[in-house]
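Have a look at the structure below, then the notes.
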Amino acid sequence: MNTKPSFFSELRRRNVFRVALTYTVVAWLMVEIASVLLPLVDAPESLITAFVVLLALGFAVALFISWAFEMTPEGLKRTQDLSADEVIPYWSRRKFATFIIGVAGTAFCLSAYHLLFPAPARNVSQSEPLSISQSSPSPSEKPSDVEQLLRDLDAQWAKAAAAKDVAQTIAHYSDDAIVLPPNATSAATKEAIRNVWKDMFASPSLVISWQPTRVQVGKSGEMAWVRGTYELTMNDASGKPIDDRGKYLEVWEKQTDGNWKCAADMWNSDLAASASGPPEKK
């Protein structure tokens, strides 16, 4: 008669099933804890993915150890090296079941909490003292969401310029922005940019508007450009009214605080130099 135990019975004898079940419920609990705690410290989602991958690899290691080794009062020993009278500590079925149910129940509660009370979207506060309504898309959102955001920001910008609000107008520029007006020197500081707009708004008859025609977001999601058309009416130095129209190009960059600011701004008239008058924004 063949007295060699079957593979299934050998798995049971070496507690492989118990180890597999224990590892599974403990790993489940650890994943749920990580999914709740890591977002609180702004950890990237890739960190949770890497954690799950490590747990999956650890599962195979745990099964191998449970097959090849036994825990004894002297520590781990290879199963094949154990003597027949070796004392091997183990939990009773009741203690084991209590542990599994307790851990699984805790993991289930955390999972239910995570589903019923998802983490709210984080609102990034604006570092500028002036408030510019802006809700930056998260990294998981599509380029079309960023495109709509930039269109909305450009509309807010045009509205501030139409109201001749210098402070709100220059608040859309980044700290290292540069403005390149036609037939004039570039403005590479906030003060120089302020003066460009301040001089423009000094004209009491100024009427200015612009609108984007295309928004292109870079593959990195950190930079984009906006192009469009502008129209303005103002008086020249002699008091003669001037009607101008043209095109503009803006380069936008996502800042460290998550908000978008214009880093480069340029425009020029569609009219001949003699007809377009002094160079003005959009």
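Does any residue of the range 174-185 turn out to be part of a helix (DSSP H, G or I) and out of contact with any Ser or Thr (no Cβ under 8 Å at 6 or more places or on another chain)?
Taking the range 174-185 first, the residues part of a helix (DSSP H, G or I) are none.
No, the range 174-185 contains no residue that is part of a helix (DSSP H, G or I) and out of contact with any Ser or Thr (no Cβ under 8 Å at 6 or more places or on another chain).
Pull out all pairs, ordered by first then second residue, where Cβ-Cβ is under 7 Å, the residues are six or more apart or on different chains, the first lies in the range 24-50 and is assigned to a helix (DSSP H, G or I), and the second is of a type in the set (S, T, N, Q) and modelled with pLDDT of 75 or more.
29/106; 32/111; 48/35
Would you be able to say whether some residue in the range 165-183 is more than 32 Å from the chain's Cα centre (by Cα) and small (Gly, Ala, Ser)?
Filtering the range 165-183 for residues more than 32 Å from the chain's Cα centre (by Cα) gives 181-183.
Then keep just the ones that are small (Gly, Ala, Ser); that gives none.
Scanning the range 165-183, I find no residue that is more than 32 Å from the chain's Cα centre (by Cα) and small (Gly, Ala, Ser), so the answer is no.
So, of the residues in the range 13-49 that are touching a helix residue (DSSP H, G or I) at 6+ places or on another chain (Cβ under 7 Å) and of a type in the set (Gly, Ala, Ser), which turns out to be modelled with the lowest pLDDT?
So, considering only residues that are touching a helix residue (DSSP H, G or I) at 6+ places or on another chain (Cβ under 7 Å) and of a type in the set (Gly, Ala, Ser), the one modelled with the lowest pLDDT is 35.
Please count how many residues of the range 165-184 are surrounded by fewer than 18 Cβ atoms within 10 Å (Cβ to Cβ), within 25 Å of residue 270 (Cα to Cα) and in contact with a strand residue (DSSP E or B) (Cβ under 9 Å, 6 or more places away or on another chain).
Selection size over the range 165-184: 3.
Could you look through the range 23-49, keep only residues that are small (Gly, Ala, Ser) and surrounded by 11 or more Cβ atoms within 10 Å (Cβ to Cβ), and pick out the one that is nearest to residue 104 (Cα to Cα)? Explain how you work it out, then say what you get.
To start, the set of residues in the range 23-49 that are small (Gly, Ala, Ser) comprises 27, 34-35, 43, 46.
So of that shortlist, the ones also surrounded by 11 or more Cβ atoms within 10 Å (Cβ to Cβ) come out as 27, 34-35, 43.
Details: 27: 10, 34: 15, 35: 16, 43: 25 Å.
Once the filter is applied, the top-ranked residue is 27.
Taking the options 263, 273, 187, name whichever one is in contact (Cβ under 8 Å) with a residue 40 or more places away in the chain, among the aliphatic types (A, V, I, L, M) and surrounded by 14 or more Cβ atoms within 10 Å (Cβ to Cβ).
263
Quick check on the range 65-81. Is at least one of its residues open to solvent by 40 Å² or more (accessible area, probe 1.4 Å) and modelled with pLDDT of 85 or more?
Filtering the range 65-81 down to residues open to solvent by 40 Å² or more (accessible area, probe 1.4 Å) leaves 65, 67, 69, 71, 73-74, 76-78, 80-81.
Filter again for modelled with pLDDT of 85 or more, leaving none.
There is no residue in the range 65-81 that is open to solvent by 40 Å² or more (accessible area, probe 1.4 Å) and modelled with pLDDT of 85 or more.
Within the range 14-23, restricting attention to residues that are hydrophobic (A, V, I, L, M, F, W, C) and in contact (Cβ under 8 Å) with a residue 40 or more places away in the chain, which residue is nearest to residue 68 (Cα to Cα)? Working first, answer last.
Narrowing the range 14-23 to residues hydrophobic (A, V, I, L, M, F, W, C): 16-17, 19-21.
Still in the list and also in contact (Cβ under 8 Å) with a residue 40 or more places away in the chain: 16, 19-21.
Details: 16: 10, 19: 12, 20: 14, 21: 17 Å.
The extreme case among them is 16.
So for the range 167-177 (the condition being aromatic (Phe, Trp, Tyr) and at pLDDT below 95), does at least one residue qualify? Steps first, please.
From the range 167-177, those aromatic (Phe, Trp, Tyr) are 173; that's our starting set.
Add one more test, that the residue is at pLDDT below 95, and what stays is none.
The answer is no; no qualifying residue exists.
Can you name the condition, by its number, that residue 208 falls short on among (1) open to solvent by 40 Å² or more (accessible area, probe 1.4 Å); (2) of a type in the set (A, V, I, L, M, F, W, C); (3) touching a residue at least 60 places away in the same chain (Cβ under 8 Å)?
Condition not satisfied by residue 208: (1).
Just one of 222, 253 is open to solvent by 30 Å² or more (accessible area, probe 1.4 Å), at pLDDT 95 or above and charged (D, E, K, R); which is it? Steps first, answer last, please.
Working: 222 fails: at pLDDT 95 or above.
253 is the lone residue from the list that is open to solvent by 30 Å² or more (accessible area, probe 1.4 Å), at pLDDT 95 or above and charged (D, E, K, R).
Which pairs turn up if I take residues in the range 142-154 that are crowded, with 16+ Cβ neighbours inside 10 Å and look for partners that are of a type in the set (D, E, K, R) with beta carbon separation below 8 Å, at least 6 apart in sequence or on another chain?
That search, which allows pairs on different chains as well, returns 154/250.
Any chance you could count how many residues in the range 9-22 are in a helix (DSSP H, G or I), out of contact with any Leu (no Cβ under 9 Å at 6 or more places or on another chain) and open to solvent by less than 60 Å² (accessible area, probe 1.4 Å)? First the steps, then the outcome.
Keep residues of the range 9-22 that are in a helix (DSSP H, G or I), which gives 9-13, 16-22.
Filter once more, keeping what is out of contact with any Leu (no Cβ under 9 Å at 6 or more places or on another chain): 9-13, 18, 21-22.
Those still in the list that are open to solvent by less than 60 Å² (accessible area, probe 1.4 Å) too: 9-11, 22.
Summing the residues that are in a helix (DSSP H, G or I), out of contact with any Leu (no Cβ under 9 Å at 6 or more places or on another chain) and open to solvent by less than 60 Å² (accessible area, probe 1.4 Å) in the range 9-22 gives 4.
If I ask for residues that are more than 19 Å from the chain's Cα centre (by Cα), among the polar types (S, T, N, Q) and closer than 24 Å to residue 102 by Cα, which ones from the range 4-51 would you list?
15, 22, 24
The values are calculated or read from the model by the stated rules, or taken from the named source; none is laboratory data. Since the model is a prediction, treat every value here as computed from it, not as a measurement. Note: ideal-geometry Cβ built from the backbone for every residue, glycine included; neighbour counts use all protein chains shown. Surface areas here come from the heavy atoms of the whole protein model, side chains and all, with no ligands, DNA or RNA. Shrake-Rupley method; radii C 1.70, N 1.55, O 1.52, S 1.80 Å.
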